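The values are calculated or read from the model by the stated rules, or taken from the named source; none is laboratory data. The structure presented is a predicted model; accordingly, all values stated were derived computationally and were not measured. Here the Cβ positions follow ideal geometry from the backbone for every residue, glycine too, while neighbour counts run over all protein chains shown. Side chains included, ligands, DNA and RNA excluded: accessible areas come from the protein's heavy atoms. Shrake-Rupley method; radii C 1.70, N 1.55, O 1.52, S 1.80 Å.
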Amino acid sequence: MSRPYAEVIGDPIAHSKSPLIHRFWLDRLKIEADYRATHVAADALGVYFDERRRDRDWRGCNITVPHKEAALMHVPDPGGIRQTIGAINTVFRDETGELAGTNTDAAGFWSPISALDLRDKPVAVVGAGGAARAVLFALARVGVGEVTILNRTPLKGAGLLAGFGLKGKVLPLDGPLPPAALLVNASTLGMTGQPPLHLDLGPLPDDAIVYDIVYSPLQTGLLQDADARGLDTIDGLEMLIGQAALAFELFFDAEPPRQHDDELRELLAR
Ligand code: NAP
């Protein structure tokens, strides 16, 4: 007997933590459905969506590297994501059964800091890739103050500032940090297998928050440095769980049981 399912697609895909998260919630809610990890190569993306569109058990998918931009060519974009974040991480069926693409990374990033008042406050963001786009989209919506982007390729940062209508400047990775209320690492630096991120946190005020969206390892070098300086920190699992929660609702029409987050974090940190 067939049963509903959703999945995460990417190339490679074995490392994805999405199945652990969604299965944990399905299990807690006793929903008879599955969530899989499916390898899809770039040249198979069109065929993949054609097949799944016809599969009535398929509730949708999360999309990871390298398909977040290319997927926009294969599914409708009712929210106009192409013109804003420029990448989708979730495809679901709307109430008519038609596919729709969306991006839950921006809201997932925002959820652990939604209680902060960052309006007109200076912020700093490391990175100018796909994740940085979601971060800057969220920051632009709340009307933060001056934004300093630090990136290996400064030109990419300048394009993002202009694209999101943000005021600020772009510095190389060794540029001095501004006195930012929030520092976000949205680059791959500090991730397992990638070079470390070395920043002098000295210019940050004592009440600054340091948010690293890298989740492997969980306690990155940046977060260790911030801890040592006595700054508040937020790790990448917060965003990972936040973006998954929004996708889960779209797939399974049920709110994930977030009261079990501590147990879920333990499972993911293993
Ligand atoms: P991406 O589009 O490939 O962007 C990578 C960024 O890192 C770019 O700014 C790039 O600089 C920089 N970079 C890469 N290698 C570098 C190096 N050797 N030296 C200096 N800079 C380097 O990747 P992404 O999709 O934005 O992902 C970035 C990170 O965010 C990853 O660790 C990913 O796992 C994490 N992430 C986490 C979540 C979550 O839910 N927690 C969600 C999405 C992504 P250039 O512009 O100069 O190339």
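Of the residues making up the stretch 202-215, not a single one is over 20 Å from the mean Cα position of the chain (by Cα), in a loop (DSSP other than H, G, I, E, B), within 16 Å of the ligand (Cβ to nearest atom) and within 20 Å of ALA128 (Cα to Cα).
Filtering the stretch 217-231 to residues that are out of contact with any Gly (no Cβ under 8 Å at 6 or more places or on another chain), open to solvent by less than 50 Å² (accessible area, probe 1.4 Å) and of a type in the set (Gly, Ala, Ser) leaves only ALA226.
Pairing each residue of the stretch 237-250 that is closer than 21 Å to VAL184 by Cα with any residue that is within 8 Å of the ligand (Cβ to nearest atom) and open to solvent by 10 Å² or more (accessible area, probe 1.4 Å), provided the two are 6+ apart or on different chains, yields C-beta distances under 6 Å for LEU237/TYR215; MET239/ILE213; LEU240/TYR215; GLN243/ASP105.
What about ARG152, is it within 14 Å of the ligand (Cβ to nearest atom) and modelled with pLDDT of 95 or more?
Details: within 14 Å of the ligand (Cβ to nearest atom): yes; modelled with pLDDT of 95 or more: yes.
When the stated conditions are applied, ARG152 passes them.
Taking into account only those residues within the stretch 47-105 that are closer than 24 Å to ILE241 by Cα and among the hydroxyl-bearing types (Ser, Thr, Tyr), which is nearest to the chain's Cα centre (by Cα)? Per the stated criteria, the residue is THR104.
Take the stretch 82-117 and flag every residue that is part of a loop (DSSP other than H, G, I, E, B), touching a strand residue (DSSP E or B) at 6+ places or on another chain (Cβ under 9 Å) and within 18 Å of ARG54 (Cβ to Cβ). Steps first, answer last, please.
The initial filter retains those residues of the stretch 82-117 that are part of a loop (DSSP other than H, G, I, E, B), namely 84-89, 94-98, 103-104, 114-117.
Applying the additional criterion that residues be touching a strand residue (DSSP E or B) at 6+ places or on another chain (Cβ under 9 Å) yields 87-89, 94, 103-104, 116.
Once the filter is applied, which keeps residues that are part of a loop (DSSP other than H, G, I, E, B), touching a strand residue (DSSP E or B) at 6+ places or on another chain (Cβ under 9 Å) and within 18 Å of ARG54 (Cβ to Cβ), the stretch 82-117 yields only ASP94.
Among the residues of the stretch 35-76, those that are touching a Ser or Thr at 6+ places or on another chain (Cβ under 8 Å) and open to solvent by less than 10 Å² (accessible area, probe 1.4 Å) comprise TYR35, GLY60, CYS61, ASN62, ILE63.
Please work out if ALA128 is in contact with a Gly (Cβ under 6 Å, 6 or more places away or on another chain), under 26 Å from ALA70 (Cα atoms) and not assigned by TED's automatic domain parsing to the domain that holds ILE85.
On the way: in contact with a Gly (Cβ under 6 Å, 6 or more places away or on another chain): yes; under 26 Å from ALA70 (Cα atoms): yes; not assigned by TED's automatic domain parsing to the domain that holds ILE85: yes.
Answer is yes for this residue.
The one condition from (1) under 22 Å from ASP11 (Cα atoms); (2) open to solvent by 10 Å² or more (accessible area, probe 1.4 Å); (3) out of contact with any helix residue (DSSP H, G or I) (no Cβ under 7 Å at 6 or more places or on another chain) that ALA100 does not meet is (2). When the residues of the stretch 232-247 are filtered to those that are open to solvent by 20 Å² or more (accessible area, probe 1.4 Å) and more than 8 Å from the ligand (Cβ to nearest atom), the one that is farthest from VAL214 (Cα to Cα) is LEU246.
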